[in-house]
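The values are calculated or read from the model by the stated rules, or taken from the named source; none is laboratory data. Remember, it's a predicted structure, so these values are computed and weren't measured experimentally. Ideal geometry is used to build each Cβ from the backbone, glycine not excepted, and the neighbour counts take in all protein chains shown. These accessible areas exclude ligands, DNA and RNA; they are computed on the full protein's heavy atoms, side chains included. Shrake-Rupley method; radii C 1.70, N 1.55, O 1.52, S 1.80 Å.
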Amino acid sequence: MYKEISKELLDFLQKSPTAFHAVETIENELCENGYEKLLEGQVWKIVPGGKYYVTRNNTSVIAFHVGTKLDNYGFNVTASHSDYPTFKIKENVEIEVKGKYTQLNTEGYGGMLCATWFDRPLSIAGRVLVKEGDSVVTKLLKIDRDLVMIPNVAIHMNRAVNDGYAYNKQVDLLPLFGGADTQKGDFKKLIAKELGVTEEDIYGSDLYLYNRNAPSIWGANEEFISSPHLDDLQCGFTTLKGFLNGYNEESINVYACFDNEEVGSGTKQGAASTFLYDVLVRVNKALGKDEEDYYRALASSFMLSADNAHAVHPNHPGLTDVNNCVYMNEGVVVKSHAGQKYTSDGVSIAVFKALCEKANVPVQFFANRSDVMGGSTLGNIAMSQVSMNSVDIGLPQLAMHSSYETAGIKDTYYMIQVVTEFYNSHISEVSSHELKVTK
């Protein structure tokens, strides 16, 4: 059971080397399950019981399944993100070194663990904008071979490296692309050849490095999984599975996977944008509901903000709180923060605990050490546009923001179970002191 769903997750991750590919993979799943694609620039025709989705920038996607009994409806929302820390290819890409090497000029995207990118097979993926007649069309690119590598400096030339080293992304982390036979323009030629287009027809691109190391299931009892970008596509995958499994007639179930969380979410397709607000308002209007109905619906709405959490590190257990700490394979994590970096509060935690109890899923609680500043995530950012009850959850993992991360084999299953329970439930505001959860 655990191994089968983990293999499905790892296959999903291998198909998704960039946010563009992740959203394409999600789109394919939605289409296979009968969801109709909408375009933001067209009129939306939505009916009770209907299943729909919409994308923005091809890196964020929101899908929704409409209930059929909408007298006292609300929105059941999950939010995850499609991006992860990596290196973006700059426009003028080739750097020649003494006529002997060609490097690629890159810049960091997000806060990565730099050391984990050295001495491993890497390649290039993303999107390319190609001119076709009077149009510019998007083509996805994934070069499926070992193409570049970022070589370490030998310890003989940097004796102090193991005592701590400040990596310079413009010096230390440029990938090696070719040797003395490489000519200027070869990178663009390679891209054109991969896509079957002419170089002249390439008008733009968003290309990134990705780690070619294959995902694995490992451990004394095969209890761990490791892969690139578990943060946050493990949550993107599990919330999608729960969304496709669950349904209740009295709610509008919503699945959201946003781009650009790793760089602050402040883009047109990020959680801080109007994307979620725009979709919810348009759905409400297309169903013949008015503004008053919309605000009433928000009062009975609930969000699971799903982004992975830090498991206790076996070598450094003191880095986490003494008892608000979590372990792999011991359940879904609820994250809390007094300064509201996470949206969880007493009300939302109580609702989520009840859902976990119904789903027979173990739940854990995480808070940062009081003397450590932690990261933030999607929920409180999205709340600036759409206000509803929300809880921040995630799955425990090690080496967050490494190019190769580790998690527990059981937790993917646990998350799918409780998210399915969430989407099967109707959460309604009975009074200012009571939220009711029913199926």
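For Asn389, indicate whether it is buried (at least 16 other Cβ atoms within 10 Å of the Cβ), modelled with pLDDT of 90 or more, farther than 22 Å from Tyr84 by Cα and in contact with a Phe, Trp or Tyr (Cβ under 6 Å, 6 or more places away or on another chain). If you could, list the steps in order and put the result at the bottom.
On the way: buried (at least 16 other Cβ atoms within 10 Å of the Cβ): yes; modelled with pLDDT of 90 or more: yes; farther than 22 Å from Tyr84 by Cα: yes; in contact with a Phe, Trp or Tyr (Cβ under 6 Å, 6 or more places away or on another chain): yes.
Yes: the conditions hold for Asn389.
The strands (runs of 3 or more DSSP E) falling completely within the stretch 30-80 that include 2 or more residues that are within 18 Å of the chain's Cα centre (by Cα) and of a type in the set (Gly, Ala, Ser) map to 60-66. In the set (1) on the phi > 0 side of the Ramachandran plot; (2) open to solvent by less than 70 Å² (accessible area, probe 1.4 Å), Asp119 fails one condition alone, (2). A residue that is farther than 19 Å from Thr116 by Cα, in contact (Cβ under 8 Å) with a residue 40 or more places away in the chain, in contact with a helix residue (DSSP H, G or I) (Cβ under 9 Å, 6 or more places away or on another chain) and not in a helix (DSSP H, G or I) occurs somewhere in the stretch 143-162. Filtering the stretch 397-406 to residues that are under 15 Å from the mean Cα position of the chain (by Cα) and in a strand (DSSP E or B) leaves Gln397, Glu405.
Give the stretch 341-372 a look and list any residue that's part of a helix (DSSP H, G or I) and surrounded by fewer than 17 Cβ atoms within 10 Å (Cβ to Cβ), or say none. I'd like the intermediate steps shown before the answer.
Step one: filter the stretch 341-372 for residues part of a helix (DSSP H, G or I), giving 346-359.
Gly346, Val347, Ala350, Lys353, Ala354, Glu357, Lys358 - these are the residues of the stretch 341-372 that are part of a helix (DSSP H, G or I) and surrounded by fewer than 17 Cβ atoms within 10 Å (Cβ to Cβ).
When the stretch 4-23 is filtered for residues that are assigned to a helix (DSSP H, G or I) and either modelled with pLDDT under 95 or open to solvent by 70 Å² or more (accessible area, probe 1.4 Å) (or both), the ones remaining, listed by number, are Glu4, Lys7, Glu8, Asp11, Gln14.
Conditions (1) polar (S, T, N, Q); (2) open to solvent by 60 Å² or more (accessible area, probe 1.4 Å); (3) touching a strand residue (DSSP E or B) at 6+ places or on another chain (Cβ under 9 Å), marked per residue:
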| residue | (1), (2), (3) |
| --- | --- |
| Asp146 | no, yes, yes |
| Met149 | no, yes, yes |
| Asn152 | yes, yes, no |
| Ala160 | no, no, no |
| Asp163 | no, yes, no |
| Asn168 | yes, yes, no |
| Leu173 | no, no, yes |
| Phe177 | no, no, yes |
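Taken as a whole, the stretch 93-102 holds no residue that is without any contact (Cβ under 8 Å) to a residue 12 or more places away in the chain, more than 27 Å from Tyr404 (Cα to Cα), open to solvent by 50 Å² or more (accessible area, probe 1.4 Å) and of a type in the set (Asp, Glu).
Restricting attention to the stretch 310-340, the residues being open to solvent by less than 80 Å² (accessible area, probe 1.4 Å) and assigned to a loop (DSSP other than H, G, I, E, B) number 12.
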